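The values are calculated or read from the model by the stated rules, or taken from the named source; none is laboratory data. Computed from a prediction, not measured in an experiment: that's the story for all the values here. Quick reminder, even Gly has a Cβ in these numbers, built from the backbone with ideal geometry, and neighbours come from all protein chains shown. To get the accessible areas, we keep the full protein, side chains included, count just its heavy atoms, and leave off ligands, DNA and RNA. Shrake-Rupley method; radii C 1.70, N 1.55, O 1.52, S 1.80 Å.
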Amino acid sequence: MSELEATPQNNEPAPSGWAALPHADPPKPLVRTWQDRVFALGFYLIGYLYVRCLLLAPNWPLRWTLPLFAALYAAAVLSYFHAKELRPAKWSWLWLAILLGTALGRGLWPNRSLLGFDVAVVHATALYWPLCAAGAARRDGTSSLLPVDALNAAVIVPFGNLWVQFRCLFGGWQLQKNGRKQAVPLLCGVAVLVLILALVVPLLSQADEGFARVVEAVRSVFRFQWSGAQVFMLTLAVPIGAYLFGLSYGAVHRRHTEHIREDRLAAMGEEVRIAPNLTLSVVLGGVCAVYALFIAVQAQSLFSAFFGRLTGTDNYSTFAREGFFQLCWVASINGGLLLAANLLAALARPDNRLLRVFNVVLAVLTLLILTCAARKMLLYIQAGGLTPKRVLTMAFMAMLAVLFVGVIVWQRKRFNLIRMAVAFAAVLFLALALCNLDHWITVYNAARGLPPYF
């Protein structure tokens, strides 16, 4: 019996607070070193920059402020890890590349075609990346427990450590002997750097007009005026800086990262395996039979798209849109159906041949439906040109196709299916963010004699 499951004996007091929670470990004691105090102050500046550059800067173009903030934030987190002698996990470099690359794409191009999804991706990866880099994500990161990691990164870890920044800055603490030795060289280095920059930066500004504009932009960020807006920004930066520092601090020190325990999740997973093979045969077999009948009945309509012929209408737009979104929804529902079947099957997939067969059959049928839907959309694009929604729809179908191909391979070869699918989706989106999609949509439409979308 584990410590969490043990009952108090004799006169021992009953557990209370964190110890009384069956699915959570007590938080680790607060560690406060000189590095933590320095970076607690630094993350307040990061919070101020977020407010100044992204929230309350209507006259500043987001295409420049977003990559600037992403670069400074990544540098702060990596510097904190280095100060704590923590080497980032290997899978975290992918997410750092997604964070910086997507932000850079907004800096290079307007990227109106991404409909704001690039900004959402930057925010999401900025939260998930520190947890993955610190090795605090489940199963080395980007696994089937990704939803748990996302909940930790966005809610549990940062809010659980929300007061850590304040306690590091103003709480009582003592420098360790090693810390005292490092503090003096650090302060000397900072003082010398400031003196050198005070001499060099003005000279470089005079030598190049572009560099001078960059220096002036940086100065304008930190230029302080006692106005209502500045006071509001300084106030709003406090919780944002505390949130971001709490995330990095919690990831580094493993504080509030284990409230959702993997062993408990595994035990819950075994408890929900209640569906016998007969039930699976009825459900999955019936669904596959309906799909096979649908494909047989609609064969002429579905497959005519491969030969560029229209059936039932003379209008490409009507032909492509008729049933297209329904087919995409069916493919998405099939993904959920496969997930539920593999989670609820009484006999796990490695030992369940029937489940593996249905996984393959349902994946193949879904791929066939996706292929027909994609071909219809290509006909629509040939007739009506490219738009952002059509490009994103094709990208979404490509992600689904890779997922279902992975499901087929997964039945024979053991690998991290979720990691493969999520990595493909992230890299594909990064490619869209960096390729100047607005330009290529305009070029394609112009080549076909169609009016430009933008």
Restricting to segment 115-134, what's the tally of residues that are outside any helix (DSSP H, G or I) and either surrounded by 17 or more Cβ atoms within 10 Å (Cβ to Cβ) or in contact with a Ser or Thr (Cβ under 7 Å, 6 or more places away or on another chain) (or both)?
1
Odd one out for residue 37 among (1) open to solvent by 60 Å² or more (accessible area, probe 1.4 Å); (2) part of a helix (DSSP H, G or I); (3) at pLDDT below 80:
(3)
If residue 254 satisfies every condition in (1) at pLDDT below 85; (2) open to solvent by 50 Å² or more (accessible area, probe 1.4 Å) but one, which is the exception?
(1)
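Would it be correct to say that residue 158 is assigned to a helix (DSSP H, G or I) and open to solvent by less than 10 Å² (accessible area, probe 1.4 Å)?
For residue 158, the condition - assigned to a helix (DSSP H, G or I) and open to solvent by less than 10 Å² (accessible area, probe 1.4 Å) - is met.
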Checking residue 143 against (1) outside any helix (DSSP H, G or I); (2) open to solvent by 10 Å² or more (accessible area, probe 1.4 Å); (3) in contact (Cβ under 8 Å) with a residue 60 or more places away in the chain, only one condition comes out false. Which one?
(2)
Applying the selection to segment 355-386, what residues are at pLDDT 90 or above and surrounded by fewer than 20 Cβ atoms within 10 Å (Cβ to Cβ)?
356, 357, 360, 361, 364, 367
Residues located in segment 436-446, provided they are free of Cβ contacts under 8 Å to residues at least 40 places away in the same chain and within 24 Å of the chain's Cα centre (by Cα):
none
Taking into account only those residues within segment 402-434 that are surrounded by 15 or more Cβ atoms within 10 Å (Cβ to Cβ) and not in a helix (DSSP H, G or I), which is nearest to the chain's Cα centre (by Cα)?
416
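Evaluate the following for residue 107: is it open to solvent by less than 20 Å² (accessible area, probe 1.4 Å), in contact with a Gly (Cβ under 7 Å, 6 or more places away or on another chain) and of a type outside the set (Ser, Thr, Tyr)?
no
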Can you name the residue in segment 387-400 that is over 20 Å from the mean Cα position of the chain (by Cα) and open to solvent by 30 Å² or more (accessible area, probe 1.4 Å) and, of all such residues, is nearest to residue 327 (Cα to Cα)?
394
Is one or more of the residues making up segment 205-215 open to solvent by less than 90 Å² (accessible area, probe 1.4 Å), modelled with pLDDT under 75 and under 18 Å from residue 53 (Cα atoms)?
no
Condition broken by residue 66, with the remaining ones in (1) modelled with pLDDT of 80 or more; (2) out of contact with any Asp or Glu (no Cβ under 9 Å at 6 or more places or on another chain); (3) not hydroxyl-bearing (Ser, Thr, Tyr) satisfied
(2)
Take residue 391 and tell me if it is among the β-branched types (Val, Ile, Thr), closer than 30 Å to residue 453 by Cα and at pLDDT 90 or above.
yes
